[in-house]
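A quick write-up on the structure given underneath.
Please treat every number below as a calculation from the coordinates, not as lab data. The structure displayed is predicted, hence computed values, not measured ones. Neighbour counts are summed over all protein chains in view; Cβ atoms, including those assigned to glycine, are modelled from backbone coordinates with ideal geometry.
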Amino acid sequence: MKYTVYNQQGKRISETLLPKEIFEVKINPDLIHQVAVSQMANRRRVIAHTKTRAEVRGGGRKPWRQKGTGRARASSIRSPIWRGGGITFGPTKARVFKKKIPKKMRRKALLMVLSAKAKEKMLIVLNSLKIEKPKTKLMVNILDKLPLPRPHAWRQGEKKASSLLILPQKDEIIIRASRNISEVQTLEARNLNVLDLLSFKYLLIPKEAIKVIKETFLNQRTKNKEQRTKLSL
């Protein structure tokens, strides 16, 4: 797949061939949905927690004797029928929402989302991305010049196109320069996942990051195949 390469000034400077193993994968929406749901479940934090009668404080002795008082029998003030007692069938932190997905399925879904972004022209390839100082103004100037919808929306507070900036490696200057821009987030190429890709409409990716994606998500598959062939021999 031939794709246009832009510089930081937003000008077309060349074309590049995107690896078909990453950007021309047949899309399976069901697999993408399954992986996205599992990642959302794994990120879910269990906050609601109620105490059972075993966790409520107090109730070490019997409130009153068993017979002769005319009142109902009671063994502990921690009983769920008492005010301030334990809660029956309430939410607890013991709940587990995690869902396991095989690594091959996760990687396949990731490549499918990247292919969909490239097919729908929501992928912007940059020759390089470098700024001298961690200034938000410098990053805003770069984003204004790129072929994103609604130019200058970063400044005017209009409806903005969410963009994910994929970095080949950790760059503290770019991260600090873009963290104050709403609807823009940075992520290292080695940490790509389906949920983050689907959360943003456009992907801004330097050419160096494509090489990192290929080394991270494709080379390991070839190594595994080579190991299997050696074992079979």
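Based on alpha-carbon positions alone, could you give the equivalent ellipsoid semi-axes of region 1-48 from the gyration tensor, as √(5λ), descending, whole Å? The answer is 36, 18, 7 Å, longest axis first. Could you tally the net charge around Val46, taking each other residue with its Cβ under 9 Å from the Cβ of Val46, Lys/Arg +1 and Asp/Glu -1? Net charge around Val46: +4.
For Lys130, the lysines whose Cα comes closer than 18 Å to its Cα, not counting residues fewer than 8 places off in the same chain, are Lys11, Lys145, Lys170, Lys207, Lys211.
Calculated FRET efficiency, Tyr3 to Arg44, Cβ-Cβ distance, R0 = 41 Å: about 0.70 to the nearest 0.05.
Geometric descriptor of region 45-96, per residue, is 76 Å³ (volume of the convex hull of the Cα atoms). Ranked by how many other Cβ atoms sit within 10 Å of their own Cβ, fewest first, the residues Thr186, Thr88, Thr16 fall in the order Thr88, Thr16, Thr186. Size descriptors for the chain, from the alpha-carbon set: Rg then Dmax equal 27.3, 95 Å. Packing, as the average of other Cβ atoms within 10 Å across residues, places the peptides 108-118, 197-207, 61-71 in the order 108-118, 197-207, 61-71, highest first.
Apply the Kirkwood formula to region 1-110: the hydrodynamic radius equals the inverse of the mean of 1/r over all pairs of different alpha-carbon atoms; give it in Å with one decimal.
Answer for region 1-110: a Kirkwood hydrodynamic radius of 20.3 Å.
Each of Val37 and Lys93 was given a label point 7 Å from its Cα along the Cα-to-Cβ line. The distance between the two points is 2.8 nm. Only bridges with both residues in the chain count here: give the DSSP antiparallel percent, nearest 5. Antiparallel bridges: around 25 percent, rounded to the nearest 5.
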